[in-house]
1. Would you grab the residues whose amide H sits under 5 Å from the one on B:Lys17? Only those 5+ places off in sequence or on another chain, please, with H modelled 1.01 Å from N.
2. Tell me the total accessible area that A and B bury against each other, 1.4 angstrom probe, in square angstrom rounded to 100.
3. How far is it, in nm, from the label point at B:Ser61 to the one at A:Thr20 when both lie 7 Å from their Cα along the line to the Cβ?
4. Scan segment A:1-102 for trypsin sites (Lys or Arg not before Pro) in coil per DSSP, keeping those whose Cβ has at most 12 other Cβ atoms within 10 Å, and list them by number.
5. P(r) tail for chain A, what percent of Cα pairs lie past 24 Å?
6. What share of all Cα pairs of chain B, in percent, falls into each consecutive 5 Å distance bin?
7. What lysines does A:Lys69 reach when the alpha-carbon gap must be under 25 Å and sequence neighbours fewer than 8 apart in one chain are set aside?
8. Just in segment B:1-62: which trypsin sites (Lys or Arg not before Pro) are loop by DSSP and have at most 15 other Cβ atoms within 10 Å?
Amino acid sequence: SQQGEEDPQALSIQEGENATMNCSYKTSINNLQWYRQNSGRGLVHLILIRSNEREKHSGRLRVTLDTSKKSSSLLITASRAADTASYFCAGITGANSKLTFGKGITLSVRP
Amino acid sequence: EADIYQTPRYLVIGTGKKITLECSQTMGHDKMYWYQQDPGMELHLIHYSYGVNSTEKGDLSSESTVSRIRTEHFPLTLESARPSHTSQYLCASSGVGRGSYEQYFGPGTRLTVT
């Protein structure tokens, strides 16, 4: 069973606009992570937010976590064409380090 | 750029062949993982290892096997490939000690079984 479920499944925006992607999960998590995947490549870790944190920033990225609603959002500000990729949320539950991934969101940024 | 490598990047083989997908990392990570990903879909964990001589099956049943004889090396073997094994296989590793949750991914092996 998948841990994360992203929304929307596909997003197309103009360069310079902000992109907001949402993720909902089913079971309690220790932390939630966002990854980026360029077409046909491996995933790259973007940001991790722990269950006791509500918001975190890293450069143009802002992630929020609402454990009461079991949801997270990733905001990319001032998007660039190079941000075009698939974005996945993934959660870790329990004491192990296994990640459970959602289906991903395809972001297209038009130049 | 993560120091984790996968070979081959692309592989086309016939049904019934035995294949080994290689994965190596130079970061000294104790944890390593294999994921299977169909195009446009989520990743499914098929095997993981928390250290040398430790291997476990993941959440998705797989006919593949793995071994972890050296810290840096985590190969995946299919004894008899079938068209249903056609997919992308991603290897990942994560760091030493508790709290090292970020995973580093290799570029993947795209396997096609004809």
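1. Residues meeting the criterion, in which the H sits 1.01 Å from N, are B:Ala81.
2. For A against B, buried area totals roughly 1800 Å².
3. Between B:Ser61 and A:Thr20, the label points sit 4.2 nm apart.
4. When the trypsin sites (Lys or Arg not before Pro) of segment A:1-102 are filtered for loop state and at most 12 Cβ neighbours within 10 Å, A:Arg54, A:Lys69, A:Arg80 remain.
5. Numbers: 1091 of 6105 pairs.
Beyond 24 Å sits 18 percent of the P(r) for chain A.
6. Here the calculated profile for chain B is 2, 13, 23, 27, 19, 10, 4, 1, 0.
7. Counting by Cα, and skipping residues close in sequence, A:Lys69 has these lysines nearby: A:Lys26, A:Lys56, A:Lys98, A:Lys103.
8. Hits after loop and neighbour filter: B:Arg9, B:Lys17, B:Lys18.
The values are calculated or read from the model by the stated rules, or taken from the named source; none is laboratory data. Keep in mind that this is a model prediction, so the values were computed, not measured. Cβ coordinates were reconstructed from backbone atoms using ideal geometry, including for glycine residues, and neighbour counts include every protein chain displayed. In case anyone asks, the SASA skips ligands and DNA or RNA and just uses the protein heavy atoms, side chains included. Shrake-Rupley method; radii C 1.70, N 1.55, O 1.52, S 1.80 Å.
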